[in-house]
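For reference, the structure is listed below as structure tokens.
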Amino acid sequence: MRSLVLVGHGSHLNGESAGAVYRYAELLRGRGLFDEVVEGYWKEEPSLRQVLKTTASTDVTVIPMFISEGYFTETVIPRELGLGHQGPVPPGGVARVLGGRTVRYTLPYGVHPGMSDVILERAREVLPDLNAQDTALVVLGHGTTRNENSNRVIYGNADRLRESGLFAEVHALFLDEEPKVGGWPERVRAPRVVVVPFFASEGWHTLETIPEDMGLTGEVTEFPENPHGPQTVYYARPVGTHPSVADVVLHLAEEARGASERGGDEERGHAQAWAAFLDLARRGTRVGEAVVTPHAGMFELRHALDEGRPTDDLTTVVTPEGLRDLARRDEGGHHRPVHTLRNLPRGWRAVLSEADLPRGVHYLYPAVVEEGYAQHCHTLRATPWPTTARRQTGIYTKVTRATPEQVEDVAKDVCSGCLKTRLWAGEKLTRTFFSGVPGAIPCAEACTYFIAEVREEVSGKRGQASPGHDD
Ligand code: SF4
């Protein structure tokens with residue numbers, strides 16, 4: 001079996017942030033080249049600390065779904081996955097055997113040379129007859145004075161597309177560093193100009209900042225009086241949302257594939273956990289706030305408080321993704337970065353086949369079956385808070401300064417609303433939902449939401465309007 005793990009940033013605040021990774025995972029699942037495609041996030045669940053546990057195979061390729069190299073791809077993700085690697089990732093990726101799994105960690109998709117083709121596809125969408133006589137291409141990056149890698153990828157793509165001979169001119173311009181995009185009328189001479197933003201997603205920069213800096217009014221903007229004569233600018237959509245990114249991801253995965261060292265214990269552990277859960281589900285069970293009932297060869301899931309409610313009163317979903325989307329918001333429509341918080345919305349039912357049930361339960365409560373079963377078998381190891389705190393880098397290093405009282409204060413507010421029992425703080429959990437206690441779910445390690453709250457506490461900012469959880 002082979003597993004592909006797509007890793008995104010996610011957000012404690014914004015439910016849309018994880019959307020692109022979910023969409024690419026669905027696209028890649030549809031291609032059928034991997035036995036499973038799994039998502040993991042820095043700021044959502046399953047977390048980077050959990051995501052490897054949620055894979056069924058011992059042959060795992062992890063792709064960071066980021067547009068350029070930087071702090072997350074070089075420091076945070078390898079650290080959280082436990083790769084024992086820090087710093088730039090070599091072109092062939094990093095391969096490690098972790099707990100019996102071969103884990104290959106690649107460069108982010110944005111730096112793959114195949115992204116030049118994606119830029120070209122985006123350019124052709126807005127200007128199908130682009131040509132080397134009268135068309136200039138602007139590859140537009142964010143740029144930053146803090147990380148030289150972020151501009152290297154823009155220059156690399158501009159060089160490759162210049163060599164292709166398809167354009168009269170190719171320019172690399174930036175929002176945040178020189179040469180800045182605002183100076184385009186002085187630099188670009190061709191009468192037709194295609195601008196392709198090298199951004200991961202549509203957002204504030206692509207919708208507001210870039211059009212403002214360039215004086216654009218829509219997809220096509222005429223500039224009758226520019227220094228080099230009249231020009232027309234064709235503004236493309238960002239590269240990161242193009243479906244061809246899925247092909248780039250597959251290329252990266254293939255390139256990273258090396259000799260597979262098969263373990264077996266982890267794969268068996270995963271299979272046993274799900275086999276045990278299916279066994280429970282066939283008899284009807286509860287996990288967290290959800291109840292699972294076998295019915296006519298299928299499984300129905302709903303909120304336990306909706307047990308007995310007529311089905312006509314409930315919204316029905318029939319795919320794991322449908323369940324995923326409704327479990328990501330509470331009843332007020334607010335994002336739920338931690339799925340075991342006791343605010344699962346009511347008013348729905350999911351009807352899933354046995355084949356789809358594991359993915360549905362995974363979306364409802366990521367990594368809970370794997371960790372719950374390990375706790376049930378007394379093999380789950382907790383990571384004490386001081387170890388988690390010491391592992392933090394960057395702006396989170398300050399959590400090591402939190403006193404035990406501050407950590408407990410945060411836990412009183414945050415964890416008291418969560419179903420999980422804090423093994424990492426020494427709390428005991430003698431039974432789990434595997435032995436009939438629905439809410440008995442272990443928390444082996446403080447989640448990133450908790451860590452962010454501790455940071456706010458140490459900074460004296462906790463409870464203020466803008467928690468700033470998304471760095
Ligand atoms: S740290 Fe607290 S809030 Fe986070 S998952 Fe564990 S128990 Fe829940």
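The values are calculated or read from the model by the stated rules, or taken from the named source; none is laboratory data. Note that the structure is predicted; figures quoted are calculated from it, not measured. Cβ placement follows ideal geometry from the backbone for every residue including glycine, while neighbour counts extend to all protein chains displayed. To get the accessible areas, we keep the full protein, side chains included, count just its heavy atoms, and leave off ligands, DNA and RNA. Shrake-Rupley method; radii C 1.70, N 1.55, O 1.52, S 1.80 Å.
Annotations
- Answer residue from the stretch 422-432, given it is near the ligand (Cβ under 10 Å from one of its atoms) and of a type outside the set (Asp, Glu) and is most open to solvent (accessible area, probe 1.4 Å) among those: 425
- Which listed residue, of 99, 84, 92, is in the same structural domain as residue 53 (by TED's automatic domain parsing), loosely packed, with under 15 Cβ neighbours inside 10 Å and closer than 24 Å to residue 159 by Cβ: 92
- Among the residues here, residue 378 qualifies as on the phi > 0 side of the Ramachandran plot and more than 10 Å from the ligand (Cβ to nearest atom).
- Matching residues, the stretch 35-69, being over 21 Å from residue 270 (Cβ atoms) and open to solvent by 10 Å² or more (accessible area, probe 1.4 Å): 42, 65, 66, 67, 68, 69
- Considering the stretch 400-421, and only residues there that are open to solvent by less than 60 Å² (accessible area, probe 1.4 Å) and either polar (S, T, N, Q) or within 25 Å of residue 291 (Cβ to Cβ) (or both), the residue that is farthest from the ligand (Cβ to nearest atom) turns out to be 403.
- No other residue among 339, 303, 335 is modelled with pLDDT under 95 and open to solvent by less than 70 Å² (accessible area, probe 1.4 Å) apart from 335.
- Residue 351 vs. criteria open to solvent by less than 30 Å² (accessible area, probe 1.4 Å) and either in contact with a Ser or Thr (Cβ under 9 Å, 6 or more places away or on another chain) or under 25 Å from residue 448 (Cβ atoms) (or both): no
- Counting only residues that are within 15 Å of the ligand (Cβ to nearest atom) and in contact with a Lys or Arg (Cβ under 9 Å, 6 or more places away or on another chain), the stretch 341-374 holds 7 of them.
- Residue that is more than 13 Å from the ligand (Cβ to nearest atom), open to solvent by 60 Å² or more (accessible area, probe 1.4 Å) and over 19 Å from residue 72 (Cα atoms), where the choices are 386, 438: 386
- Residue count for the stretch 339-356, restricted to those that are assigned to a loop (DSSP other than H, G, I, E, B) and farther than 21 Å from residue 276 by Cβ: 6
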